[in-house]
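Taking it in order: structure first as C-alpha cells, then the write-up.
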Amino acid sequence: MKKYFIETFGCQMNEFDSERISWLLEKENYLSVQKPEEADVIIINTCAVREKAKNKLYGHIGNLRTLKTSNPDLMICIGGCSAQNLKEKILKDFPYVDIIFGTHNISQLPELILKRKSIKKSICEVKENGFDYVPGNFKNTFPFKAYVPVSHGCNNFCTYCIVPYVRGREISIKPAEIIEDIKRLADNGVVEIMLLGQNVNSYGKDFEKPYSFSELLAEVAKIKEIRRIRFMTSHPKDLSQNLIDVIAQNFNIMNHIHLPLQSGSNKILKLMNRNYTKEKYLEIIDNIKSKISDCSITTDIITGFPGEERNDFEHTLDVVNKVRFNRAFTFIYSKRDGTAACNMEDNISIKEKKEWFKELLVIQNKISLEENMKLVDRNYEVLVEGEGSKGLLEGRLENNCVVNFEGNKNLIGKFVNINIASAKSFYLKGKIIKINDDKKNHL
Ligand code: 5AD
Ligand code: SF4
C-alpha cells in the first residue's frame, strides 16, 4: 500500500484543505502515516500570512533533502498559500521538490502525482483563481467534530493581508450543499461543526438572490444532532444584528465570537482598509454582550502597522481594556510583497514595535486570566476532544475555553459536566462531575 505523510501550517482553512488532500489520496488507496520517513508521498501544506512562515517552510523543505537522497522515489509535494506565492523560488532553490500545487489545484493532486511518475521534470500547477472544491470530498479526521467551509477566498483586501492574492475572490458554497454535508456528518456521529470562511459575514452576497450568513446559521441550527455550531472568521464591518439575534435564539450555536480588531486607532483602521471605526467596533461588542449571555469574545491584533504611532497603539490598548477579550492572537506587522501596505511609510523601529507588542501581551494575559478566573467553581458542559498535556484529557466549554481534566480516554468525543477548579490565562483545570451519555442532557 502507498503511504502519505501530510504536514499543515497556518489557519483552519489550511487544516481543512489538508482534510481534502487526505480524502483524495485515501480514495486512491493511500494510507496515512505519522512519520515522513515512512511515506512514499510527502505533502507540505503551506501558509503565507506572515514572513516567518516562509522561512519556516524553506527550513522544512531543506530538511527533506536527505530523505529524498536516500529514497529517490519519494514524491515531495508543496501546496497551499506559500507554494502559490513562492513557486519560482521553490523550483529554483529546491530542485528535488516534485510537485508544486496551488490552493485552487488541490483536486488535481492525485493526477499530478501520476503525471510526475511518467515525466522527468518537476511539476508546477498554480491557478490564480477558481473553485475546485467538491462538497463532501474531505476526510473527517475526528469522528465527533468537523470543519465545514461556507466560502472560499476573500474580497476585502485589508492592506496588510496576502490572503486575497493567494486564495482569490470570495465564492460562497450553496446553502443546500452545506446543509447536506452537515446532515451527512451528523448521521456519522459528528456533534460539533465549525463553519469556515475568511469572512463568514459576507457569505451569500455573491448569490443572484442574496442569502445571508444568519439565514444559513438558522438553517444549520435546525439539525439538532449537531449540538455545537461554531464559525469563523467574522469581519466587524459585515456583522449584522440578525446574526447576533440568531446566535442568541439558538442553544446549539455557541456563545463565542472571534472578531478581529486588528487596531483600535481609526487612523490605522483606515490605512488597513478595515471599513469600521473604533466606536463602531465597541458598539458591536456592547450589542453582543447585551444579547448573548456569557458570550466569549476573542480577537486578532496587529502591532507595528506602517504609520502606527504611540497614540494609535494606546487606542488599541483602550479597546483591549474596554472589551476585555477572553483571548487575543497578537502579531507584529509583517510586510507582505504585493500588498498595498508594502509601500506605506513606516518610521517606527522594530525595537519599538516589539516593546508595544510585549506591553499588549502583558495587559491581555492579565485580562485573559481574570476572565478565566470568573469561571472557577462553576459547572459547565464540555465536549472531550482529546488528550492534553501530562496525561490529562482536554475539551472545550461552549464558550470555547479549553479545560484539562483527569479521565479515561474512552470519553473522547463524549460530553461531560466539569467543575472548574482553577484557571490560567490560556486554559482551565477541572474535575468531571458527570458523564453525559444522553445526547440531549444539558446542564
Ligand atoms: N502581518 C501581521 N499579521 C497579519 N495577519 C494577517 N496578515 C498579517 C501581516 N501581514 C494577522 C491578522 C489576521 C490573522 C489571521 O493574521 O491579525 O486576522
Ligand atoms: Fe485578510 Fe482581511 Fe480577508 Fe481577513 S478579511 S483574509 S485579514 S483580507
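For the stretch 2-125, what class follows from the C-alpha gyration tensor (a ≥ b ≥ c being the square roots of its eigenvalues): rounded when a/c is under 1.5, otherwise prolate if a/b is larger than b/c, else oblate?
rounded
How do Arg65, Arg324, Arg227 stack up against each other in accessible area, from largest to smallest, with a 1.4 angstrom probe?
Arg65, Arg324, Arg227
Just read off the accessible area of Glu88 with the full protein assembly in place, 1.4 Å probe, to the nearest 10 Å².
Counting only protein heavy atoms, the figure is 120 Å².
May I ask for the distance between the Cα centers of the stretch 276-314 and the stretch 362-389, given as a whole number of Å?
Centre-to-centre (Cα) distance: 21 Å.
How much accessible area does His235 have with a 1.4 Å probe, in Å² rounded to the nearest 10?
Accessible surface of His235 is approximately 10 Å².
How big is the dipole moment of the chain about its Cα centre under a simple scheme where the beta carbon of each Lys and Arg is +1, that of each Asp and Glu is -1, and everything else is neutral? Debye, nearest 20, please.
Here the chain has a charge dipole of around 580 debye.
What nm value, rounded to one decimal, do you get for the distance between Asn321 and Leu282 when each label is placed 7 Å out toward the C-beta?
1.1
Using θ = phi - 60° and the Karplus curve 6.51 cos²θ - 1.76 cosθ + 1.60, what whole-Hz ³J(HN,Hα) does each residue of the stretch 156-171 get, with Gly and Pro shown as x?
Those phi angles translate into 7, 6, 4, 5, 8, 9, 8, 3, x, 7, 9, 10, x, 6, 5, 10 Hz.
Name the shape class, rounded, prolate or oblate, that the alpha-carbon gyration tensor gives for the stretch 77-194, where a ≥ b ≥ c are the square roots of its eigenvalues, rounded holds for a/c under 1.5, and otherwise prolate holds if a/b is larger than b/c and oblate otherwise.
oblate
For the stretch 125-186, just say rounded, prolate or oblate: build the C-alpha gyration tensor, square-root its eigenvalues into a ≥ b ≥ c, call rounded for a/c under 1.5, and beyond that prolate if a/b exceeds b/c, oblate if not.
Prolate.
Over 23 Å between Cα atoms: which of Lys89/Lys270; Lys27/Lys115; Lys127/Lys183; Lys54/Lys139 fall into that group?
Exceeds cut-off: Lys89/Lys270; Lys127/Lys183; Lys54/Lys139.
Can you say what percent of the DSSP beta bridges in the chain, counting only those with both residues inside, are antiparallel? Round to 5.
35
Just to confirm my understanding: which cysteines in the chain have no other cysteine beta carbon less than 4.7 Å from their beta carbon?
Lone cysteines by the Cβ rule: Cys11, Cys47, Cys77, Cys81, Cys124, Cys154, Cys295, Cys342, Cys401.
Considering only protein heavy atoms, what is the solvent-accessible area of Lys424 at a probe of 1.4 Å, reported in Å² to the nearest 10?
Lys424 exposes around 120 Å² with every protein chain in place.
For the stretch 233-285, state which chymotrypsin sites (Phe, Trp or Tyr not before Pro) are in a DSSP loop and have at most 16 other beta carbons lying within 10 Å of their beta carbon.
Answer in residue order: Phe251.
Roughly how many Å² is the accessible area per residue of the chain, as a whole number, for a 1.4 Å probe?
46
Projecting each Cα onto the charge dipole of the stretch 145-373 (Lys/Arg +1, Asp/Glu -1 at the beta carbon, about the Cα centre), which of Ile223, Asn250, Asn326 comes out farthest on the positive side?
In the stretch 145-373, that residue is Ile223.
Name the GluC sites (Glu not before Pro) in the stretch 151-250 that are in a loop by DSSP and that have at most 16 other C-beta atoms within 10 Å, would you?
Sites meeting the loop and neighbour criteria: Glu208, Glu225.
Would you give the gap between the C-alpha center of the stretch 143-221 and the C-alpha center of the stretch 22-38, rounded to a whole Å?
27
If you place +1 on the Cβ of every Lys and Arg, -1 on the Cβ of every Asp and Glu, and leave all else neutral, what size is the dipole of the stretch 379-436 about its Cα centre, to the nearest 20 Debye?
For the stretch 379-436, the charge dipole is close to 160 debye.
Restricting attention to the stretch 160-213, which chymotrypsin sites (Phe, Trp or Tyr not before Pro) occupy a DSSP loop and are surrounded by at most 12 other Cβ atoms within 10 Å?
Phe207
On the accessible surface of the chain, probed at 1.4 Å, how many percent belong to carbon and sulfur atoms?
Answer for the chain: carbon and sulfur cover 51 percent of the accessible area.
Near Lys3, which aspartates and glutamates are there with a Cα under 20 Å away, not counting those fewer than 8 places off in the same chain?
In chain and number order, the partners are Glu15, Asp17, Glu19, Glu26, Glu28, Glu37, Glu38, Asp40, Asp73, Asp98, Glu111.
The values are calculated or read from the model by the stated rules, or taken from the named source; none is laboratory data. The model shown is predicted, which means the values in this text are computed figures rather than measured ones. Because the Cβ atoms are built from the backbone with ideal geometry, glycine has one as well, and the counts that use them run over all protein chains shown. In case anyone asks, the SASA skips ligands and DNA or RNA and just uses the protein heavy atoms, side chains included. Shrake-Rupley method; radii C 1.70, N 1.55, O 1.52, S 1.80 Å.
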